[in-house]
Structure formats: structure tokens, C-alpha cells
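As C-alpha cells, the structure follows; a few thoughts come after it.
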Number of protein chains: 2
Amino acid sequence: MEWSTHEVVSATGITSRTLRHYDQIGLLKPSSLSAGGLRHYNQLALVRLQRILLLRELGLPLADIAAVLEGQSSDITALQQQRQHLLRQKERIDAQMRSVEDTINALRKGETIMPKTMFEGFDHSQYEDEVRQRWGDDAAQRSNTWWDGLGEQGRQRFQQELEDLNDAWDQVIAECEAPVSEAAQDVAERHVRWLGSSWQTAHMPRSAVKGIAQMYVDDERFAANYTRVSPAGAQFVCTAVQHYADQHLTEEP
Amino acid sequence: MEWSTHEVVSATGITSRTLRHYDQIGLLKPSSLSAGGLRHYNQLALVRLQRILLLRELGLPLADIAAVLEGQSSDITALQQQRQHLLRQKERIDAQMRSVEDTINALRKGETIMPKTMFEGFDHSQYEDEVRQRWGDDAAQRSNTWWDGLGEQGRQRFQQELEDLNDAWDQVIAECEAPVSEAAQDVAERHVRWLGSSWQTAHMPRSAVKGIAQMYVDDERFAANYTRVSPAGAQFVCTAVQHYADQHLTEEP
DNA sequence: TCTACTGGATGACGCTACGTCAACCGCAAG
DNA sequence: CTTGCGGTTGACGTAGCGTCATCCAGTAGA
């Protein structure tokens, strides 16, 4: 008692293409072929197909299903792995859903996805109130959106580059080079690029960079980053960055 | 102020292949090319890249991201759709996880994934106790596993074919054909195949089919399905199916 | 007997978002 | 002149089929 492709198709709801695919990859061979190469499946094949479809509905990849059916791997093991896999997927989706919700809420408040401020690298949560006072609520929220959107890797890289920069500044400060020296200007360029890597409007005007640099002197919390080897460190960094901005940046795009 | 591929790569954590891919599909063109075709990105491009990566982390497909960035579709709309999409995925994964758990538990109790009984089509939950009494707990649980593994479409098809069969039986019974008539035997063949579509061991022995057919008479709940047009309907179906089994089925594989 | 129709068959390409070679190229240092 | 860096352009592979385009065998109707 054998069944034709059409019969199997209408009984199981899969397509003939699927049957041929399973034949091609060796997952389910027809029990016999009739004239013209027509595929026919006997009960043995149908049982195998049922198992395939059952495991497929559980989300197992066909390769794993094949391994289970060939007895090369335990069904329990495969399903436990699948459970782990599903768990990871679930967590990822949950995280994405939260981010999507947050971003939608941010957008509804009339914000753009692009904007950002330049504070995140120092300490994101610690200075939020400060950001709010100086640049308004919008800036703080935009900042959050950007920072959250960066992802863990992005945040780590951003922080890492900041630390590397601080080390580089410490070094040129310790070497008593002038702020306009080549070594200091090289670090200044890196610093500006680092700022630019999180600067979210099209053009980063010279005045913005110079204003930020000025803050490194005016705000002791930022200054603290650059006075580790010398009290004059903050002024050094400020001068170096402002000089670089004067030399290489423009006010208008 | 432009950045090379290498700089963009190390700043964002994406690969150069990704940048070239985005170039190919027109999602992010480099702002300029230098000798040898080297790609360079200015701030405008980097801003765009930041938005791309943000939306990518939310799980949006690149095509949707492109549409948003080109202003062809609203960002809020796109994210709301994405939220729906994630919700559907979440539900699917949750369902799969439950099924995987159930199947693992069934397997731990020493059961095979394959087995099944022939009751599901009539009423799956209603007769569970009955199945348990006649065939033991194992059979009932295997039955659940199989039934659950079928999926909603599979269950609907299984039910639909049963209803079609019942209608076909009603018709031949009403036409006063003999159980051995060609018309009745045609329906019997369909009936046996329907049984076989859910029969999960390799061979369906003649005696099993005949036993099931006998139940259509002995068990009034099954009989009720075939006595809608005539009180003799159940006996008719039983005789027809048993005759078919005698003619076309074997005891051993 | 010719023809249309059924119910398939076999390629082959398409889809997502890149990873992963292989082969090559321009420029700079040794 | 060669080596190395930092890239470039193809081109194929991934999972699981969907979707053509083309062809073919057997059957029923004219």
C-alpha cells in the first residue's frame, strides 16, 4: 500500500516541493519510483515523515532531525539543546521588544532617533541630571535612546576608546609636550574623532568641539579625568583640542 | 574629516564585509573613494550608519531600515510593525518551548515519539479516559504527543478528512449499496488510508484494522457517527472496512 | 489518432545578511 | 625588488523551501 505525492501532500499539508527537498537532502527517500520518476511513499516512509514533521514543528533544523532519525544523536539530547536554543531566542526577542517599546515612546515624544549628547562616555547615569539641566529633558532622553541602542559591545568599545584616550593624554602630559606639539595634536585628533563617533547630527561645528573642550576645564568632574598626572592636565587637553578644532574643523558644514 | 574602512570597523565593531554589503545594496554609500577603490566615510555617513545599526539591533530587516532612512516609511510605523512581528515570534517560540518540554517529559518516561492511537479524530480530549483504560497510560500520553505535534493545520485536516469520510459513508449507506460494492469499497479504502495517516508503527496489520472496525459496532460512541441515516450504518461500515482489510491488507509487514 | 489535461518531474534562481575563501592591487618600508 | 598592510572585487555557502520555466507519461475526449 503506497501513496502518491499528491496523496501525501493533501494528507499532511506539506508541499510537493518539500517532499522533493527532503528527497534531495536524503532526509526522506520515497519507497519507490514509478514511470516518469513519480515518487511513492509506503507506511514506513509516512511514519518517518510524521516524525520529521513533529520535530520540525518543535523548531529543530532538518540536519538535527536527520541525526535523530538515523539514531546518530539522542532525541532527548537534541530536544534539550533545542530548549536552550529557544530560550536564547526568547531572551533576545524580549530584549528587542523592550528596546522597540522604548524607542517608540521616545519617537512619540517628538524625538529623533539620531540625536545624542557627548556625555555618555564619562558616566552615563551619573550625569543625567546635569545633562537635563544644561540641555533640557530632550537631550537626556535622546542620550538614553542612543546609549541603549548602542548595544553592549558598542558601549564597551566606546568606553574602551575613552580609557585609551585618557591614557594617551596622561602620556603626552607626562612627557611635557606642548598642546600644539605633534604628539598632542595626534591625540587631539583621536579625541575629536571619538567625539564624532557619537555625534549624531550631520555636522559637528568647530564651536561645539571648542565648547566641549572648555568644559573639561570648567567642570571639575570632567577635569578629574585629565588631572591624574598633573593639575594642569585639563587645561592642556582643552588647549590641545581647541587648537586642533581651529586648525581642522569648520563652523558650517 | 573622513574615516577609512578600518577606522569605521574598529569604531563600530561591524566587519568590512558588512560595510561592503551595505554599499552593494545601496543602504550606505561611502562618501568618497580613494586610490584602489578604498572606501571612506564622512560624518554624514557615520550618522547614517549609527541609525542603521540602532534599527538593526531592534531586529528590523535591512530593507525596512532603508525605507525608514529614505523617509519612504515612518519610523514609528516601522517599529510598531516590528513590535507586532516580535510578538508573533515570541508566541511561536513560547508554544514551541511548551511542546519541547512536553515531548522531553514523554521521552523521559520511556516513550517513543512515533506512537499514536486511532481515537484522536473522533474526539481527542473527550475519550482520553477511555483510551487510558483500554490501552494504558502510555497510549494516552503518546496520543497527546502525536496530536499536539500535528499542529493546528494538521489537526484541522485530520478532522476535515474524518468529516468528509462520514459524509461519504452516509451517502453510500443512503444509496443502499452493499458493503462489498465498489462504491463502498472505495470509501473503505479512503477510511483505511485515513487510519494509516495517523498510524505510527511501521505496519498496520489486518487484524488491527478489523479490530478497529469492529469497535464501530461495539462502541456506541463510534457507532453514532455512522447511524445518522440508518441504524444499520455502523454494521455497514464495519463490514465494508473488514472486507477491504481482508482483500488488501496483510497481517505481517 | 491527435490533443488537451492531470500530475507529476527536473533544474535553476530567489530570499536574509552577511561569513569565508581566493585572487589581486596600490602604496610604503626594508 | 620584495614583503606586508589594508584593503578591493568576485563568487560560493548558509536554511528551507517558494516560485517559476520547461518537460514528460498516462489518460480521456474529439
### Query
Can you pull out the residues in the range A:12-47 that are assigned to a helix (DSSP H, G or I), more than 9 Å from DNA strand C (Cβ to nearest atom) and open to solvent by less than 60 Å² (accessible area, probe 1.4 Å)?
A:T12, A:T18, A:Y22, A:Q43, A:A45, A:L46, A:V47
### Task
For the range B:48-98, name all the residues that are closer than 26 Å to B:W3 by Cβ, without any contact (Cβ under 8 Å) to a residue 24 or more places away in the chain and part of a loop (DSSP other than H, G, I, E, B).
B:L60, B:E70, B:G71
### Summary
Across (1) in contact with a His (Cβ under 8 Å, 6 or more places away or on another chain); (2) modelled with pLDDT of 80 or more, B:F236 clears everything bar (1)
### Query
When residues of the range A:48-68 are filtered for being more than 15 Å from DNA strand C (Cβ to nearest atom) and either open to solvent by less than 50 Å² (accessible area, probe 1.4 Å) or farther than 22 Å from B:A106 by Cβ (or both), how many remain?
14
### Message
Among (1) away from every other protein chain (no Cβ under 11 Å); (2) touching a helix residue (DSSP H, G or I) at 6+ places or on another chain (Cβ under 8 Å); (3) within 16 Å of DNA strand D (Cβ to nearest atom), there is one condition A:S31 misses while meeting the rest; what is its number?
### Response
(3)
### Query
With (1) under 28 Å from the mean Cα position of the chain (by Cα); (2) loosely packed, with under 14 Cβ neighbours inside 10 Å as the list, and B:G71 as the residue in question, which single condition is left unmet?
(1)
### Query
Name the pairs: first residue in the range A:1-28 and more than 17 Å from A:L44 (Cα to Cα) and touching a residue at least 24 places away in the same chain (Cβ under 8 Å), second residue assigned to a helix (DSSP H, G or I) and more than 13 Å from DNA strand D (Cβ to nearest atom), Cβ to Cβ under 9 Å, at least 6 apart or on different chains?
A:I14/A:V8
### Top-ranked residue of the range A:161-194 - restricted to ones that are among the small types (G, A, S) and under 31 Å from the mean Cα position of the chain (by Cα), ranked as least open to solvent (accessible area, probe 1.4 Å)
A:A188
#### Entry: Test for A:A66: is it closer than 24 Å to B:R92 by Cα, more than 8 Å from DNA strand D (Cβ to nearest atom) and out of contact with any helix residue (DSSP H, G or I) (no Cβ under 7 Å at 6 or more places or on another chain)
yes
### Query
For residues in the range A:74-105 being over 28 Å from A:I14 (Cα atoms) and among the polar types (S, T, N, Q), which is most open to solvent (accessible area, probe 1.4 Å)?
A:N105
## Note on the structure
Given the conditions (1) in a helix (DSSP H, G or I); (2) modelled with pLDDT of 75 or more; (3) surrounded by fewer than 18 Cβ atoms within 10 Å (Cβ to Cβ); (4) more than 31 Å from the chain's Cα centre (by Cα), every one holds for B:Q214 apart from (2)
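The values are calculated or read from the model by the stated rules, or taken from the named source; none is laboratory data. Since the structure is predicted, the reported quantities are computational estimates derived from the model, not experimental observations. Cβ coordinates were reconstructed from backbone atoms using ideal geometry, including for glycine residues, and neighbour counts include every protein chain displayed. Each accessible area value is taken on the protein alone, full model and side chains, heavy atoms only, with ligands, DNA and RNA left out. Shrake-Rupley method; radii C 1.70, N 1.55, O 1.52, S 1.80 Å.
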